[in-house]
Amino acid sequence: MKTVELIKIFLASPGDVQTERNYVKEVVATINRTVAQDKNVRLEVKCSENAYPGYGKDGQAIINEQIGKMDEYDLFILIMKDRFGSPTKRHASGTVEEFTLARKAHKERGKPDIWFYSGSMKQDVKKKEDKQQQAKVKGFRTRYINNRYGLFRDYKNPSNFKSQLHDQLTLWLNDYSNKKTRKSSTTSKTKTVSPKKKEPIDKAKVANNSNQASLISSKPIKEIKSATNKSKTTAKPKTNNSKSISTSGAWVLLDDNLFETKSVFQDVNRKLILNIPIINSEQETNLRYLQTNHRYGNRLVSYSYQNDASMVQVESIETDSIKGKTSCIVTLKPIQQSNNYNIASYNNYSTEQIAELQIRFLLLNEIQDNQNQANNPMLNYMLTGSSYSTKLEKFIFSDIWKKWKNKPKMFLINARLAAVHLLKSKNIVEHILKFNISLNQNVVSIDFSGKMQNIYANQEPKTLEVKGKCTL
């Protein structure tokens, strides 16, 4: 029986975001029922409500003693909207005190990870106290940006916060599990090395060898020994040349162009602000071409980043140069697409079956050898986009493979982002829970799970899982 690992989350906020706090607990409960079970982990949220009464110290000091040992947590979630909170004996507010403790633990121990969510503020507040509270929140945001504490997320309303948190927590959990797997794999390999028995030392031989070593290398003796051991352990040739990714990292796909970003930020108006370091003039040309106007207005550009995708317009491209290093600050405006549901039941196929068949076609170029489908143009159109042939002329990964055949890692990143865009733009899934893609020579392996759109309010959205391989 496998041991379930506990992942602890600390939730910090002033008192005006109770709905968001409830949503954090709700999202965690959902993930514990779904994704977490497959990874043998359980998420647990702690916040000020979990502290029991105390005496002899101020309230925040009691909370810190009971549940505020931040190096015990894996993730710290901070939420602010209109209120900053009341001052403590040590800091400007209890929330800021908890944030300061989390920062200190992260700096010293590398944990917890810190997330900051900033809600859209109320407009035209009239009370002096409310204005002062908002001013303090704005000041905190400004310091967060100027001190380069990290990337934070704006949200418009509680439901938007809930949606963002679900996607980002799922992605974080996938990365967390992958890091644990790599770490345990490295540890197990280290443990298999058995120590050699000590032999009597020939002092004359050691002296002779050390003289020779000083003539051929300036490396310390320890380095030379480790290099020798490495050559012995790697004498056996590797047979597995596969490469694999579970996230596209900092890369963004705009139409057919890949760009590596320094940061991606979404403001309160849902505009996307990308900081893209410029490597060469060709890259800058490709970037500026995306802003060219169509005869009927700004052209639409496909955008894909990690597990998000949409159609956007390029509003502006500004150049920023610091010490000779140039970056383009790109502002994108997401364009709301029609909310028609592309997935529908048909004949004896349920909506879930149609969606799974679509995913298998898009990711694996797989079409069921089914006589019913071959003689049914409508079903064929729902799956492939063509009512005349059982397969489209070009598989989604074909052109990408031709482009990056000699760079497998770039192929995987480009292929994953292109697939995310199709899955989202065709409304096949609303949330991507897991998307691992690997390549071994010319064979692609897919391990995918995602949640469909919640069409009916009284039903939980269905989770689809697809695994398989296809030859490029």
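One residue stands out in the range 407-440 among those that are assigned to a loop (DSSP other than H, G, I, E, B) and free of Cβ contacts under 8 Å to residues at least 40 places away in the same chain: the one that is surrounded by the most Cβ atoms within 10 Å (Cβ to Cβ), namely Glu430. Of the candidates Ala457, Ala418, the single residue that is closer than 30 Å to Val35 by Cβ and modelled with pLDDT of 85 or more is Ala418.
Residue by residue, here is whether (1) buried (at least 19 other Cβ atoms within 10 Å of the Cβ); (2) within 30 Å of Phe140 (Cα to Cα) holds:
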| position | (1), (2) |
| --- | --- |
| Glu5 | no, no |
| Val28 | yes, yes |
| Asn32 | no, no |
| Val35 | yes, no |
| Lys39 | yes, no |
| Ser48 | yes, yes |
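Among the residues of the range 112-132, those identified as modelled with pLDDT of 90 or more and either touching a Lys or Arg at 6+ places or on another chain (Cβ under 7 Å) or buried (at least 19 other Cβ atoms within 10 Å of the Cβ) (or both) are Pro112, Ile114, Trp115, Phe116, Tyr117, Ser118, Gly119, Ser120, Met121. Looking only at residues of the range 133-163 that are at pLDDT 90 or above and either among the aliphatic types (A, V, I, L, M) or under 16 Å from Lys262 (Cα atoms) (or both), we find that the one that is surrounded by the fewest Cβ atoms within 10 Å (Cβ to Cβ) is Ala135.
Number of residues in the range 93-136 that are farther than 29 Å from Ile7 by Cα and in contact with a Ser or Thr (Cβ under 9 Å, 6 or more places away or on another chain) equals 1. The C-beta contact set for the range 260-283 (first residue outside the structural domain of Lys409 (by TED's automatic domain parsing), second residue small (Gly, Ala, Ser) and part of a loop (DSSP other than H, G, I, E, B), distance under 7 angstrom, 6+ apart or interchain) comprises Glu260/Ala250; Thr261/Ala250; Val268/Ser120.
So that you can scan it fast, the table gives a plain yes or no per residue for (1) outside any helix (DSSP H, G or I); (2) aliphatic (A, V, I, L, M); (3) touching a Pro at 6+ places or on another chain (Cβ under 8 Å):
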position: Met121; (1), (2), (3): yes, yes, no
position: Lys126; (1), (2), (3): yes, no, no
position: Glu129; (1), (2), (3): no, no, no
position: Gln132; (1), (2), (3): no, no, no
position: Lys136; (1), (2), (3): no, no, no
position: Phe140; (1), (2), (3): no, no, no
position: Tyr144; (1), (2), (3): no, no, no
position: Tyr149; (1), (2), (3): yes, no, no
position: Asp154; (1), (2), (3): yes, no, no
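What's the number of the condition Glu65 fails, among (1) acidic (Asp, Glu); (2) over 23 Å from Gln266 (Cβ atoms); (3) within 26 Å of the chain's Cα centre (by Cα)? Among (1) acidic (Asp, Glu); (2) over 23 Å from Gln266 (Cβ atoms); (3) within 26 Å of the chain's Cα centre (by Cα), the lone unmet condition for Glu65 is (3).
So which of Ser321, Ser302 is at pLDDT 70 or above, surrounded by 13 or more Cβ atoms within 10 Å (Cβ to Cβ) and small (Gly, Ala, Ser)? Can you show your working first?
Values: Ser321 fails: surrounded by 13 or more Cβ atoms within 10 Å (Cβ to Cβ).
Result: Ser302 is the single residue among Ser321, Ser302 that is at pLDDT 70 or above, surrounded by 13 or more Cβ atoms within 10 Å (Cβ to Cβ) and small (Gly, Ala, Ser).
Whether a residue is under 18 Å from Thr351 (Cα atoms) and touching a residue at least 40 places away in the same chain (Cβ under 8 Å) was assessed, and Met452 passes this test. Filtered by the rule that a residue be in contact (Cβ under 8 Å) with a residue 12 or more places away in the chain and more than 28 Å from Glu5 (Cα to Cα), the range 57-89 gives Asp58, Gly59, Gln60, Ala61, Met80, Lys81, Asp82, Arg83, Phe84, Gly85, Thr88, Lys89.
Of all the numbered requirements in (1) under 18 Å from Arg21 (Cα atoms); (2) outside any strand (DSSP E or B); (3) of a type outside the set (Val, Ile, Thr), Arg103 misses one, and that requirement is (1). Here Glu366 does not fit the description of being modelled with pLDDT of 90 or more, over 26 Å from Thr261 (Cα atoms) and not small (Gly, Ala, Ser). Across the range 383-406, the qualifying residues are those that are part of a loop (DSSP other than H, G, I, E, B) and at pLDDT 50 or above, and the one among them that is surrounded by the fewest Cβ atoms within 10 Å (Cβ to Cβ) is Asn406.
Would you mind stating whether Thr30 is more than 19 Å from Asn64 (Cα to Cα) and under 20 Å from the mean Cα position of the chain (by Cα)?
Working: more than 19 Å from Asn64 (Cα to Cα): yes; under 20 Å from the mean Cα position of the chain (by Cα): yes.
Here the answer is yes, as Thr30 does meet what is asked.
The values are calculated or read from the model by the stated rules, or taken from the named source; none is laboratory data. Treat the numbers as computed from the prediction; the structure is a model and nothing was measured. Positions of Cβ are backbone-derived with ideal geometry, glycine not excepted, and every protein chain shown enters the neighbour counts.
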